[in-house]
Amino acid sequence: MNDPLQVGLIGAGIGPSFSPALHEREAAALGISYRYRLWDLDVLGIAPEDIAKLLQRARDEGYRGLNITHPCKQLVIPHLDRLSPDAKAIGAVNTVVLDDTGMTGHNTDWQGFRAGFLEGLPDVACEHVVLLGAGGAGAAAAHALLSLGTPRLDVLDVDPGKADDLAAALTARFGNGRAMAGHPHDVAERLRSADGLVHATPTGMAAHPGLPLDARLLRPDLWVAEIVYMPMETELLRNARAVGARHLSGGRMVVHQAAEAMRLFTGLTPDASRMLRHLAELVSP
C-alpha cells in the first residue's frame, strides 16, 4: 500500500477540530490514502512568528501541503518561495503546496467565502457591507465581496493600520470609493445604513469566546456572515438568529476552501456537496 499523502493545519488555539475527518473522508471517497494532522502552536509551544520552524518540519517529513489559519495567514508569506496571483493580490495565504520546486502559497479562502455566500445568502442586498476584521480571513472575504460587485465595503479593525492598508489595497484593485477604513468604535454608525455584516475576527472561536459587537446592533434586516467555524455556531450567530436576521455560518466557507485546497494538494477535484454532507454529520450532536 502506498504511503499516505500527508497534509496539516497550522494555527493557534485550534482545539478539537473536524478538519482531519472532513479531509480524510473526502480523500477516501476519492480513493486516496491521506493523513491530515493538526499543528496547534499553543500546544507545541511555538510562537506564530516562528512558523518557519513548522514549514521546515513539514518539508523534512515529506508533507505535500499545509492549511494555514489564525494568526499565521500573513506571517507565513515571507517564508514561502512564491505566491499564487490570488494570494499575492489578497496579501494572505491559507494553503501552502510543498513540492520539488519549493513552497507555494495560495489563497482558497476567498473562493470558499464566495461560493458559500452565493449558496447560503444567494439573494441578499449587498449595496453596503461592513467587514469586521482586516486580517487574512477578512482580506479574503473583502476580495470576494468586491469581486461580486459590492459598491461599498467598510473595513473595521482594532488596528487602524491594518484597516487602512486593506482598504488601500482594495481601492487599488477595485477602484475609488469601494472600500473605506474605520475602527470598531464606529460599528454602530456604519451598521445603521448597512445591508450586511461579515465577521472576520477571532472572537467566537473556542479559544476566544464572546461577541465581537453589541448584540443590540443586530436587526432583522441586517444579514450576518460568520468566518469562524470552530465552533460552528458562534454567539454572534445565535444572536442573529434570535433577532430574525438571515445568517451564514463559517461552515460553507470552510468546506469550499478545503475542497480547493485538496485539489491543489492532490490534483483531483473533490465533491463539495459531499463534503457539506460530511460536515453536517461531523458537527451534529
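The values are calculated or read from the model by the stated rules, or taken from the named source; none is laboratory data. This is a predicted model, so every value here is computed, not measured. Positions of Cβ are generated from backbone atoms using ideal geometry, with glycine treated the same way; all protein chains shown enter the neighbour counts. SASA here: full protein model, heavy atoms, side chains in, ligands and nucleic acids out. Shrake-Rupley method; radii C 1.70, N 1.55, O 1.52, S 1.80 Å.
In Å and from the alpha-carbon atoms only, list the Rg and Dmax of region 215-285.
Just the Cα atoms of region 215-285 yield Rg and Dmax of 14.5, 47 Å.
Let a ≥ b ≥ c be the square roots of the eigenvalues of the Cα gyration tensor of region 41-94; is it rounded (a/c under 1.5), or, if not, prolate (a/b larger than b/c) or oblate?
Because a/c hits 1.5 or more and a/b fails to exceed b/c, region 41-94 counts as oblate.
Positive end of the dipole of the chain, charges at C-beta (+1 Lys, Arg; -1 Asp, Glu), about the Cα centre: which of Gly161, Gly120, Tyr36 has its Cα farthest in that direction?
Sorting the options by dipole projection puts first Gly120.
Helix 136-147 against the longest principal axis of the chain: what's the angle in degrees, Cα atoms only, rounded to the nearest 10?
So the inclination is approximately 60 degrees.
For the chain, what is the calculated [θ] at 222 nm in deg cm²/dmol (nearest 500), taking -39500 (n - 2.57) for each run of four or more DSSP H residues and dividing by its residue count?
Taking each H run of at least 4 residues, the total per residue is -11500 deg cm²/dmol.
Just reorder Phe174, Phe265 by solvent-accessible area, largest first, 1.4 Å probe, all chains present.
Of Phe174, Phe265, the descending order of accessible area is Phe174, Phe265.
How big is the accessible area of Asp99 in square angstrom, nearest 10, if you roll a 1.4 angstrom probe over the protein chains?
Ignoring ligands and nucleic acids, Asp99 comes out at about 60 Å².
Report the charge-dipole magnitude of region 19-136 in Debye, nearest 20, computed about the Cα centre from +1 at each Lys and Arg Cβ and -1 at each Asp and Glu Cβ.
In debye, rounded to 20, region 19-136 gives about 220.
Percent relative contact order of the chain, based on C-alpha pairs within less than 8 angstrom and at least six residues apart?
17 percent
With a 1.4 Å probe and all protein chains kept in place, how much accessible area does Ser17 have, in Å² rounded to the nearest 10?
The accessible area comes out at roughly 30 Å².
Apply the Karplus curve 6.51 cos²θ - 1.76 cosθ + 1.60, θ = phi - 60°, to the phi angles in region 74-82 and return the couplings in whole Hz, x for Gly and Pro.
3J(HN,Hα) across region 74-82, in whole Hz: 9, 5, 6, 4, x, 9, 9, 7, 7.
Rank these by accessible area, largest first, 1.4 Å probe: Arg25, Arg190.
Arg25, Arg190
Rounded to two decimals, what is the ratio between the C-alpha radius of gyration of region 232-272 and 2.2 N^0.38 Å?
Ratio of Cα Rg to 2.2 N^0.38 Å: 1.60.
Per-residue HN-Hα couplings for region 150-160, Karplus 6.51 cos²θ - 1.76 cosθ + 1.60 at θ = phi - 60°, whole Hz, x for Gly and Pro?
Result, rounded to whole Hz: 4, x, 9, 10, 8, 9, 10, 8, 5, 9, x.
What per residue convex hull volume, in Å³, comes out for region 128-285 when only alpha-carbon positions are used?
Residue-normalised Cα hull volume stands at 130 Å³.
How large is the charge dipole for the chain, taken about the Cα centre, if only the Cβ atoms of Lys, Arg (+1) and Asp, Glu (-1) carry charge, to the nearest 20 debye?
The calculated dipole for the chain is roughly 360 debye.
Would you work out the relative contact order for region 124-256, in percent, from Cα pairs under 8 angstrom that are 6 or more residues apart?
22 percent
If you average 1/r across every pair of different Cα atoms in region 105-154 and take the reciprocal, what Kirkwood value do you get, in Å?
It is 11.1 Å.
Where does region 1-125 land on the Kirkwood hydrodynamic radius, alpha-carbon pairs, in angstrom?
15.5 Å
Give, in whole angstrom and from largest to smallest, the semi-axes √(5λ) of the equivalent ellipsoid of region 146-200, with λ running over the eigenvalues of the Cα gyration tensor.
Equivalent-ellipsoid dimensions as semi-axes: 17, 15, 9 Å.
Putting +1 on Lys and Arg Cβ atoms and -1 on Asp and Glu Cβ atoms, find which of Ala139, Gly62, Met262 reaches farthest to the positive end of the dipole of the chain.
Working it through, the farthest residue towards the positive pole turns out to be Met262.
Report the dimensions of region 84-211 along its three principal axes from the alpha-carbon atoms, largest first, rounded to Å.
52, 35, 31
How much accessible area does Thr171 have with a 1.4 Å probe, in Å² rounded to the nearest 10?
Rounded to the nearest 10, the figure is 40 Å².
Using a 1.4 Å probe and counting only protein heavy atoms, arrange Lys162, Lys73, Lys53 so the residue with the most accessible area comes first.
In descending accessible area the options line up as Lys53, Lys162, Lys73.
For a quick check: with amide H placed at 1.01 Å from N, whose amide H comes under 5 Å from Arg35's, ignoring anything fewer than 5 positions away on the same chain?
Leu5, Gln6, Val7
On average over all directions, what projected area in square nanometres does the chain have, based on the convex hull of its Cα atoms?
Reported value for the Cα convex hull: 14.5 nm².
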